[in-house]
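Okay, so here's the structure we're looking at.
The values are calculated or read from the model by the stated rules, or taken from the named source; none is laboratory data. Please read all numbers here as calculations on a predicted model, not as lab measurements. Heads up, the Cβs are rebuilt from the backbone with ideal geometry, glycines too, and the neighbour counts pull from every protein chain shown.
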Amino acid sequence: MAEIQLKDVRKSYGALEVIKGIDLHIEPGEFMVFVGPSGCGKSTLLRLISGLEDITGGDLMFDGQRVNNVIPSKRGVAMVFQSYALYPHMTVYDNMAFGMKLAKASAQDVKARVEAAAKLLQIDHLLDRLPKQLSGGQRQRVAIGRAITRDPRVFLFDEPLSNLDAALRVQTRLEIAKLHHEMDKVTMIYVTHDQVEAMTLADRICVLRDGLVEQVGTPEELYERPASLFVAGFIGSPK
Ligand code: ADP
Ligand code: MG
């Protein structure tokens, strides 16, 4: 679990500035949800926090330490994407073990952690299968399991449910909430454009608009006191 601070964080691609100065404080163990329309910068912001891309202005702090130039594997983050990105030729077990093996964990440690993660996600009966032998929901759980085995301080999710059908979306959403509880309250940052996901999962919601923060607050605060019509439109309350 980590405390994350963004101080006037900016990102440009050439002349195009897409993140325009974001100040935000995420508490240790908090479940923070980013919402906002397509193209507002949600995925970019997650990539900046993960270290997959470098910020072009401002500061990013983890537990009070500046991590602007710290590589992803040293930040203690794990990211789950919309597309599962599993290795097709590897079994579920090997997919989940891959990152740990790269990090030179002992075989015993790898086995214990993969089995614990598989149990938590109820995929322990699928460890010998290949990705193509799994349903979409099972594949997404393997992707989440792979992230868990890295024992991250921070979990980043980029619209992880958008490729699932409605019933599976609900089930997987509940599992992510359960995970947040069971993993000693690991810090989670979750991107979605789905109001229901945002309202049910979030400790706080950060509404993004065109590369800037429009409003941050608990689901209740945003619902009852939206700062603008834009927020009201997103959260679904009349204003
Ligand atoms: P969201 O996830 O909210 O839909 P993105 O973070 O993917 O938005 O994109 C924000 C803006 O940044 C968009 O205008 C997008 O076209 C632009 N963008 C994202 N990645 C790149 C890139 N690698 N090069 C240039 N522009 C990019
Ligand atoms: Mg996106």
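Does at least one position in the stretch 58-67 carry a residue that is under 29 Å from Gly137 (Cβ atoms), more than 15 Å from the chain's Cα centre (by Cα) and surrounded by fewer than 17 Cβ atoms within 10 Å (Cβ to Cβ)?
no
Just checking, does the stretch 2-10 include any residue being at pLDDT 95 or above and either farther than 15 Å from Val213 by Cβ or within 16 Å of ligand 2 (Cβ to nearest atom) (or both)?
no
Checking Asn69 against (1) without any contact (Cβ under 8 Å) to a residue 40 or more places away in the chain; (2) within 16 Å of ligand 2 (Cβ to nearest atom): exactly one of these is not met. Which one?
Here Asn69 meets the rest and fails (2).
Could you tell me which numbered condition Ala85 fails, if it satisfies all but one of (1) among the small types (Gly, Ala, Ser); (2) more than 30 Å from Asp165 (Cβ to Cβ); (3) surrounded by fewer than 18 Cβ atoms within 10 Å (Cβ to Cβ)?
Just one mismatch for Ala85, condition (2).
Just one of the numbered conditions (1) part of a loop (DSSP other than H, G, I, E, B); (2) acidic (Asp, Glu); (3) on the phi < 0 side of the Ramachandran plot is not true of Asp184; which one?
Unmet condition: (3).
Give me the pairs: first residue in the stretch 91-117 and over 10 Å from Thr149 (Cα atoms), second residue surrounded by fewer than 14 Cβ atoms within 10 Å (Cβ to Cβ), beta-carbon distance under 7 Å, and six or more apart or on different chains, which are they?
Thr91/Asp128; Tyr93/Asp128; Asn95/Tyr87
Under 27 Å from Val196 (Cβ atoms), within 16 Å of ligand 2 (Cβ to nearest atom), not in a loop (DSSP other than H, G, I, E, B) and not basic (Lys, Arg): does that describe Leu46?
yes
Can you name every residue in the stretch 187-222 that is buried (at least 19 other Cβ atoms within 10 Å of the Cβ), of a type outside the set (Gly, Ala, Ser) and in a helix (DSSP H, G or I)?
The answer is Glu197, Leu201, Leu222.
In the stretch 160-181, what residues are assigned to a loop (DSSP other than H, G, I, E, B) and either away from ligand 2 (no atom under 16 Å from the Cβ) or surrounded by 19 or more Cβ atoms within 10 Å (Cβ to Cβ) (or both)?
Answer for the stretch 160-181, where residues must be assigned to a loop (DSSP other than H, G, I, E, B) and either away from ligand 2 (no atom under 16 Å from the Cβ) or surrounded by 19 or more Cβ atoms within 10 Å (Cβ to Cβ) (or both): Pro160, Leu161, Leu164, Asp165.
Please determine, by comparing only the residues of the stretch 184-239 that are touching a helix residue (DSSP H, G or I) at 6+ places or on another chain (Cβ under 6 Å) and among the polar types (S, T, N, Q), which one is nearest to Gln171 (Cα to Cα).
So, considering only residues that are touching a helix residue (DSSP H, G or I) at 6+ places or on another chain (Cβ under 6 Å) and among the polar types (S, T, N, Q), the one nearest to Gln171 (Cα to Cα) is Thr192.
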